[in-house]
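Novice: Here it is, the structure, as structure tokens.
Every read-out reported here was derived from the displayed coordinates using simple, explicitly stated rules and does not represent laboratory data. Since we're looking at a predicted model, the values are computed, not measured. No Cβ is skipped: glycine too gets one built from the backbone with ideal geometry, and neighbour counts run over all protein chains shown.
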Amino acid sequence: MTDSGIATRAVIVSARGAARWQAGHPWIYRTDIYDEPGDAPGIVSVTERRGRHLGQALYSPASEIRLRLLTHGREPIDAAWWGERVSAAAARRAGIAATAYRVVHAEGDGLPSLVIDRYGPYVVAQLLSAGLERVREDVLEGITVALTPEAILLRNDAAIRRHEGLPLEVVAARGSVPDTVAVEEHGVRYLAAPHTGQKTGAFLDQRENRVLVGAHAGSGRALDLFTYHGSFALHLARRARDVLAVDSSADALARGRENAALNGFANITWQEANAFDLLRELEAREEAFDTVVLDPPAFAKSKQSVPRALGGYKEINLRAMRLLSAGGVLFTCSCSYHVSRAVFFDMLADAARDSGRRLQLLAVVGASGDHPELVNVPETGYLKGALLRAVD
Ligand code: SAH
């Protein structure tokens, strides 16, 4: 069932809840709710106890995050409203030199719990809250008007939907998105897999970092660990003599091989291995690389697992630093939300000390600009990385 965009129900929040919106954070938690309809999710109007209007929000009665701010105004939140917001977000992406990129990054673009990625003429979106799911038709209509895609696929299989009491499903919402879509990314071509690939089919958040690393790659040997379908390896292969691309997933590597062929690259070796084991072996054999990329999955899935995760991060970073040839470059990152930027850089400093190498910090990076982080909403940031050069 879907609602129209007119908020007919009201939620009353505490002064602390109101203060969060005032401070630019779009979420109000269960503990800051005074009165709520409690029945169905959807769009609600929000007031403080004396009745002052605070705005309109997506309401999720089963979630700890009860309210997500859409607007401080009273305007109808209909298909036209979604269309305008999506158009504005798309306008902020003008000039991106790739055919696949994020058009709407949820909270970061003022559209909480809504992710919209473009893959050429197709759109792959995620509706990540119960309130948003309820207005699905208006959102789809808005996307259609704003982006005129050939088809829209909903990758509503992200685990966080469980917190909202929503099913995990992949839904063809408009037309049919093909199994693979060829993407052009700053001169490199790769195949994304919208139905089955990670996230919405590719790791779009690393796009700018891949270009950065490509521009710093040396002409000798390169190592891309946790390569997935080879996105970094492809950018490295343009400059490096040989690239060793490593992943534990045979399926991902199979797509990597296809991607290499698509670009006519014959200088990438695809190896199925555990990166931890392989790093140990490479170090024991005293191998050296001009360029190393470390893009592991999130080692810390919860706060409690941070200490153990840091041990893992330090191990791979220390070994990678030791593998660098003189003048070699290391790109390293973490997408663990629970590992803050400060903690990540402390770990890197620690690894650098133990490595005995002198490492220059060439760049401190986050996710690409199409995945904007809000400075006052820490929950919108997760990816941090560094580009380092071993001086000698
Ligand atoms: N660099 C990629 C994204 C990497 S995602 C890009 O830019 O597109 C992380 C990858 O690490 C996944 O493909 C996963 O299969 C792989 N992986 C997870 N654990 C691993 C391990 N221990 N050794 C090697 N690969 C691993």
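Novice: Where does the chain land at 222 nm, in deg cm²/dmol rounded to the nearest 500, when only DSSP H runs of n ≥ 4 count, each adding -39500 (n - 2.57), divided by all residues?
Specialist: The helix contribution divided over the chain gives -8500 deg cm²/dmol.
Novice: Note down the nm distance, to one decimal, between modelled labels 7 Å out along Cα→Cβ at Ile12 and at Ala284.
Specialist: 6.9
Novice: Restricted to Cα positions, what overall size does region 52-100 have along the principal axes? Three whole-Å values, descending.
Specialist: Computed over the Cα atoms, the extents are 43, 25, 18 Å.
Novice: What percent do you get for the relative contact order of region 83-176 when only Cα pairs under 8 Å and 6+ apart count?
Specialist: Relative contact order for region 83-176 comes out at 24 percent.
Novice: What's the longest uninterrupted piece of the chain once you rule out the GluC sites (Glu not before Pro) that are loop residues per DSSP with at most 12 other Cβ within 10 Å?
Specialist: 65-285
Novice: Please compute the modelled spin-label separation between Asn267 and Arg358, points set 7 Å along Cα→Cβ, answer in nm with one decimal.
Specialist: About 2.9 nm, to one decimal.
Novice: Follow-up. Please report Rg over Rh for region 54-166, where both radii come from the alpha carbon positions and Rh follows the Kirkwood definition.
Specialist: Reported Rg/Rh, Kirkwood definition of Rh: 0.96.
Novice: At 0.36 nm per residue, and after removing the present C-alpha to C-alpha distance, how many nm does the segment from Arg241 to Ala62 gain when stretched out fully?
Specialist: 59.0 nm
Novice: A follow-up question, please. Output the relative contact order of the chain, whole-number percent, from Cα pairs under 8 angstrom with separation of 6+ residues.
Specialist: RCO, the chain: 11 percent.
Novice: Evaluate the distance, in nm, between pseudo-label points positioned 7 Å from the Cα of Val171 and of His195 along their respective Cα→Cβ axes.
Specialist: Result: 1.8 nm between the two label points.
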